[in-house]
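Participant: Structure provided below as structure tokens; questions to follow.
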Amino acid sequence: MITKQLANQIVEQTMLRLHRNINVIQTNGMILASGDRLRVDSIHEGAVVVAETREPLLITDENNHLFPKTKPGINLPIFFQQELVGVIGITGNPSEIEEIATLVQLTTEMMVYQALIASEREWERKMQEIVFKELMSGQPLQKVIFERINKIGFQNKPPFHTIMIELDPESKSYQTILQGIEHSFHHDSILVGHYQLKEHFILTSGLNEKAFQRKIVQLANILKKYNALPISIGKVVHSLDQVHHSYQTARIALEYGQRDRSILYFEEVELYSLLKKRDSQEAKNFTNRIVGALDEKLLFTLHTYFKCNQQLAVCAKNLEIHRHTLTYRLKKIHELTGYNPTLFQDAIVLQIALWMLDGFKFS
């Protein structure tokens, strides 16, 4: 698990302070790095024993003959999360270096920990980006996607919220911002990473609306310090195969939202964006959500009501129904859609949905 690059760093940094030769050795006994470059890629017999016993080994003048091609010194196991990942050897008289040996072991384990944790995070981010790109394809989700999702610990638990942020990977604060994002959602199940150009995504799983809004405000406060706003929020979805639609709505929010605001929501620009993109999936989703529950009779009633400028008497006469019947139908439309046709703001939403509705012909 210890790379040659990391091994060389350990040798360089440790020898700089101790002025003694250091060997970093793989668990199979192969020397990865050493202050004595002639020993690199050779087998250290003492390290083999340390790897087998997981215990320190002192090589002295008296037992040196048991370990061919080695020198007196102390060899200690290096652990990462209770797993043996290598051996560190300090050349010298064991009685003279025994006091510093434990310190060298601890320092080495700290360096290994920092390097491997950083490596694991980088691997996890790359895997998250791969998974997200697969979700963005819009293709039916394959079994391998769910295997990768399980491997990185992402919960397939609705609801799913998508967030888009524009970040420059070349900026000095880039890594700090990513860490801030991860900190904001530290106890939550998320995917986060770079998608394309300067686009960065955050996909959350299982957060209710109240908890999600609290996280967004916290994230906005962090990003504000680095001028990384606004945050763009897509439409919430309830299955992974709809995530690509949600992310598209986050893009739309950024495209049409007011860029001087900290947080942009798709719902705030939905109507405006629909007029710009009538044939889009978002337009179809909108019309279905608003008037999808209405049958042909109620749709025609609504159309006629608006055509009559919301005048009950005129509309009832045109429909050849009693005014009370018309009132009942309008109430039913309100119940099914959540929008009241008699209120100006609600009527706007219903009218636009009718204008954009496919497959319904009005006389």
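Yes/no matrix, rows are residues, columns are (1) over 10 Å from the mean Cα position of the chain (by Cα); (2) not charged (D, E, K, R):
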{"residue": "117", "(1), (2)": "yes, yes"}
{"residue": "124", "(1), (2)": "no, no"}
{"residue": "132", "(1), (2)": "no, yes"}
{"residue": "139", "(1), (2)": "yes, yes"}
{"residue": "164", "(1), (2)": "yes, yes"}
{"residue": "189", "(1), (2)": "no, yes"}
{"residue": "198", "(1), (2)": "yes, no"}
{"residue": "202", "(1), (2)": "no, yes"}
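Participant: Identify all residues within the range 257-281 that are surrounded by fewer than 17 Cβ atoms within 10 Å (Cβ to Cβ) and part of a helix (DSSP H, G or I); write none if there are none.
Facilitator: Result: 267, 268, 271, 272, 275, 276, 281.
Participant: Which one of these is touching a Gly at 6+ places or on another chain (Cβ under 9 Å), open to solvent by less than 40 Å² (accessible area, probe 1.4 Å) and of a type in the set (A, V, I, L, M, F, W, C): 233, 252?
Facilitator: Unique residue meeting the criteria: 252.
Participant: Something else now. Please go through (1) in a loop (DSSP other than H, G, I, E, B); (2) in contact with a Lys or Arg (Cβ under 8 Å, 6 or more places away or on another chain); (3) not basic (Lys, Arg) for residue 192 and return the number of the only condition it doesn't satisfy.
Facilitator: All conditions are met except number (1).
Participant: Also, quick follow-up: Out of 235, 210, I need the residue that is outside any helix (DSSP H, G or I), out of contact with any Leu (no Cβ under 9 Å at 6 or more places or on another chain) and closer than 30 Å to residue 350 by Cα. Which one?
Facilitator: Answer to the selection: 235.
Participant: Kindly indicate whether residue 52 is free of Cβ contacts under 8 Å to residues at least 12 places away in the same chain, over 30 Å from residue 182 (Cβ atoms), over 36 Å from the mean Cα position of the chain (by Cα) and open to solvent by 10 Å² or more (accessible area, probe 1.4 Å).
Facilitator: Answer is yes for this residue.
Participant: Please work out which residue is surrounded by the most Cβ atoms within 10 Å (Cβ to Cβ), limiting yourself to the range 66-85 and to residues that are on the phi > 0 side of the Ramachandran plot and touching a strand residue (DSSP E or B) at 6+ places or on another chain (Cβ under 9 Å).
Facilitator: Taking the candidates together, the pick is 73.
Participant: Given the structure, is residue 97 open to solvent by less than 20 Å² (accessible area, probe 1.4 Å), over 17 Å from residue 7 (Cβ atoms) and either of a type outside the set (S, T, N, Q) or touching a Phe, Trp or Tyr at 6+ places or on another chain (Cβ under 9 Å) (or both)?
Facilitator: Criteria met by residue 97.
Participant: Here is a follow-up. Please enumerate the residues belonging to the range 166-177 that are within 11 Å of residue 222 (Cβ to Cβ) and in contact with a strand residue (DSSP E or B) (Cβ under 9 Å, 6 or more places away or on another chain).
Facilitator: Answer for the range 166-177, where residues must be within 11 Å of residue 222 (Cβ to Cβ) and in contact with a strand residue (DSSP E or B) (Cβ under 9 Å, 6 or more places away or on another chain): just 177.
Participant: Would you confirm whether or not the range 316-326 contains a residue that is within 30 Å of residue 215 (Cβ to Cβ) and surrounded by 15 or more Cβ atoms within 10 Å (Cβ to Cβ)?
Facilitator: No.
Participant: Give me a count of the residues in the range 1-39 that are open to solvent by 60 Å² or more (accessible area, probe 1.4 Å), more than 16 Å from residue 84 (Cα to Cα) and among the hydrophobic types (A, V, I, L, M, F, W, C).
Facilitator: Qualifying residue count for the region: 2.
Participant: State yes or no: is residue 276 modelled with pLDDT under 95, within 28 Å of residue 161 (Cα to Cα) and out of contact with any helix residue (DSSP H, G or I) (no Cβ under 9 Å at 6 or more places or on another chain)?
Facilitator: Judged against the criteria, residue 276 is not a match.
Participant: State whether one or more residues within the range 186-195 are closer than 15 Å to residue 128 by Cα, in contact with a His (Cβ under 6 Å, 6 or more places away or on another chain), open to solvent by 30 Å² or more (accessible area, probe 1.4 Å) and of a type outside the set (S, T, N, Q).
Facilitator: yes
Participant: For residue 205, indicate whether it is surrounded by 14 or more Cβ atoms within 10 Å (Cβ to Cβ), small (Gly, Ala, Ser) and under 14 Å from residue 162 (Cβ atoms).
Facilitator: Criteria met by residue 205.
The values are calculated or read from the model by the stated rules, or taken from the named source; none is laboratory data. Just so you know, these numbers come straight off a predicted model, no measurement behind them. Using ideal geometry, Cβ is built from the backbone for each residue, glycine included, and neighbour counts are taken over all protein chains shown. Remember, those area values only see protein heavy atoms, side chains included, never the ligands or the DNA or RNA. Shrake-Rupley method; radii C 1.70, N 1.55, O 1.52, S 1.80 Å.
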